[in-house]
Amino acid sequence: MVSHSAYESITLDIEDGIATIEFHRPGVHNALNNEVMLDLKRAFDEIQLTRTIDAVVITGEGDDAFSAGADISQYAGPATEHDPLQRDRQELFYEMYQKPYECHAPVIAKINGYCVGGGLIFAMYCDIRIAVEDAQFGVPTANIGQIPTGGSTWRAVELVGEAKAKELVYTAGMIDAAEAERIGLINRAVPRAELDDTVAEIVAGIQGTGRKAVKNSKRALNDASRVETLEEAREREAELWWEQFATDERRELVDEFNEAE
């Protein structure tokens, strides 16, 4: 295992092609302050330079929270005291949220408790979300007189649809993991005792396929969500299809398949 310790609020460990990131602010339910955001950006930049990584798993320290969202202490005071700092912080949030979305490898949010506000938004930008059955989800920004940020309104509508996204934001209410799974906010809710094994099985599934194919599939799926027409999506998909077709991985796996027949 390679452990990267030059971080203040997270840890990054890399072993057998799997990068594991853990938030380390359990005393404040792993809230996202400036240090966390900067650490996450650096960690994902490091992962991006390590192309042998097949999957990234993100979780929070302890049993209570994945992340309770933005550190509200950094929002206190009149707007004049925050300008231009808050404008810069919103850009930082957006850049942080984009990191798992743009990462070359699939990113799995391993949700072990409360997943709220900015923590939920960060999880929404991951590729796969697996949560314990007693996890709670919400976007309570209206409770502090704010609105969601960092491109979260677009992402929420994309994941759960306009009607449910508006309900979650307008009411600042919380939903449980069963409801989150039903509306498509998470992939799966599992008993707490099964969380580690479930995530490990997903990672094993990723590593048991064509690894370059998975990464190119992520690129194609992300591109499909950004364009306005089927023709644009199809054009980009075709480019990536041919790029993957030219790989040694594709040829070797097809040969293995045919030999097994």
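The values are calculated or read from the model by the stated rules, or taken from the named source; none is laboratory data. As the structure is a computational prediction, the values presented were derived from the model and not from experiment. In this analysis, Cβ positions are derived from the backbone assuming ideal geometry, glycine residues included, and neighbour counts consider all displayed protein chains. Heads up: the accessible areas ignore ligands, DNA and RNA and are worked out on the full protein's heavy atoms, side chains in. Shrake-Rupley method; radii C 1.70, N 1.55, O 1.52, S 1.80 Å.
Listed residues 64, 83, 39; which is in contact (Cβ under 8 Å) with a residue 40 or more places away in the chain and either assigned by the TED database to the domain that holds residue 186 or on the phi > 0 side of the Ramachandran plot (or both)?
Working: 83 fails: in contact (Cβ under 8 Å) with a residue 40 or more places away in the chain; 39 fails: in contact (Cβ under 8 Å) with a residue 40 or more places away in the chain.
The unique qualifying residue is 64.
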- Query: Of the residues that make up the stretch 39-61, is at least one in contact with a Ser or Thr (Cβ under 7 Å, 6 or more places away or on another chain) and within 19 Å of residue 207 (Cβ to Cβ)?
  - Reply: yes
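Could you run through the stretch 113-123 and say how many residues are of a type in the set (A, V, I, L, M) and open to solvent by 10 Å² or more (accessible area, probe 1.4 Å)?
Going through the stretch 113-123 one residue at a time, the tally reaches 1.
At least 2 residues that are acidic (Asp, Glu) and either surrounded by 13 or more Cβ atoms within 10 Å (Cβ to Cβ) or at negative phi (or both) in each: list the helices (runs of 4 or more DSSP H) lying fully within the stretch 133-235 that qualify.
Values: elements: 152-160, 162-171, 177-182, 195-207, 211-226.
Filter on the stretch 133-235 gives 162-171, 177-182, 195-207.
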- residue 249 assigned to a helix (DSSP H, G or I), outside the structural domain of residue 147 (by the TED database), in contact with a Lys or Arg (Cβ under 6 Å, 6 or more places away or on another chain) and more than 20 Å from residue 132 (Cα to Cα): yes
- Looking only at the stretch 173-225, which residues are closer than 30 Å to residue 144 by Cα and among the hydrophobic types (A, V, I, L, M, F, W, C)? 174, 175, 177, 178, 180, 183, 185, 186, 189
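Quick check on the stretch 72-94. Is at least one of its residues modelled with pLDDT of 90 or more and either of a type in the set (S, T, N, Q) or open to solvent by less than 10 Å² (accessible area, probe 1.4 Å) (or both)? Walk me through it before giving the result.
Filtering the stretch 72-94 down to residues modelled with pLDDT of 90 or more leaves none.
No, because not a single residue in the stretch 72-94 is modelled with pLDDT of 90 or more and either of a type in the set (S, T, N, Q) or open to solvent by less than 10 Å² (accessible area, probe 1.4 Å) (or both).
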- Task: Could you give me the residue pairs with C-beta distances under 9 Å whose first residue belongs to the stretch 189-203 and is assigned by the TED database to the domain that holds residue 56 and modelled with pLDDT of 95 or more, whose second residue is open to solvent by 40 Å² or more (accessible area, probe 1.4 Å) and in a helix (DSSP H, G or I) wherever it lies, and which are 6+ apart or on separate chains?
- Result: 189/178; 189/181; 190/197
- Task: Go through the residues of the stretch 98-111 one by one and say whether even a single one is in contact with a Pro (Cβ under 7 Å, 6 or more places away or on another chain) and closer than 22 Å to residue 141 by Cα.
- Result: no
- Query: Is it true that some residue in the stretch 50-63 is among the acidic types (Asp, Glu) and either touching a Leu at 6+ places or on another chain (Cβ under 6 Å) or modelled with pLDDT under 90 (or both)?
  - Reply: no
- Is one or more of the residues making up the stretch 5-20 among the polar types (S, T, N, Q), in a strand (DSSP E or B), exposed (fewer than 14 other Cβ atoms within 10 Å of the Cβ) and not assigned by the TED database to the domain that holds residue 116? no
